[in-house]
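Novice: Dropping a structure here in structure tokens format, bear with me for questions.
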Amino acid sequence: MFPVARAAQSLVARGIQHTAVRGAHRKHEPTFHDKYGTMVLLGGASVFTAVWSYVFTALNVEWGISPVGRVTPSEWRG
């Protein structure tokens, strides 16, 4: 291995080791996502479900309709 490449590799390895050691000595404090992540996810899912159920019931959506045989073209006015 070339000396420059070996030096670069050791610098990268040393930086990774330094970062790992620094993170290991720190206390883990709960973040916003640790505290409220599940509740935010469940709240968003319930709002999503409520809004779409309202949309589907309020718009009187008819499922499975097909215009084939029901729509006839009108005469061309040219």
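The values are calculated or read from the model by the stated rules, or taken from the named source; none is laboratory data. Just so it is clear, the structure is predicted and the values come from calculations on it, not from any experiment. Backbone-built Cβ (ideal geometry, glycine too); neighbour counts: all protein chains shown. Only protein heavy atoms, including side chains, enter the accessible area calculation; ligands, DNA and RNA are left aside. Shrake-Rupley method; radii C 1.70, N 1.55, O 1.52, S 1.80 Å.
Novice: So for each of 39-46, 69-76 I average, over its residues, the number of other beta carbons within 10 Å; can you give me the resulting order with the highest mean first?
Specialist: Listed from highest to lowest mean packing, they are 39-46, 69-76.
Novice: Protein chains only, probe 1.4 Å: how do Phe56, Phe32, Phe2 rank by accessible area, largest first?
Specialist: Output order, biggest surface exposure first: Phe2, Phe32, Phe56.
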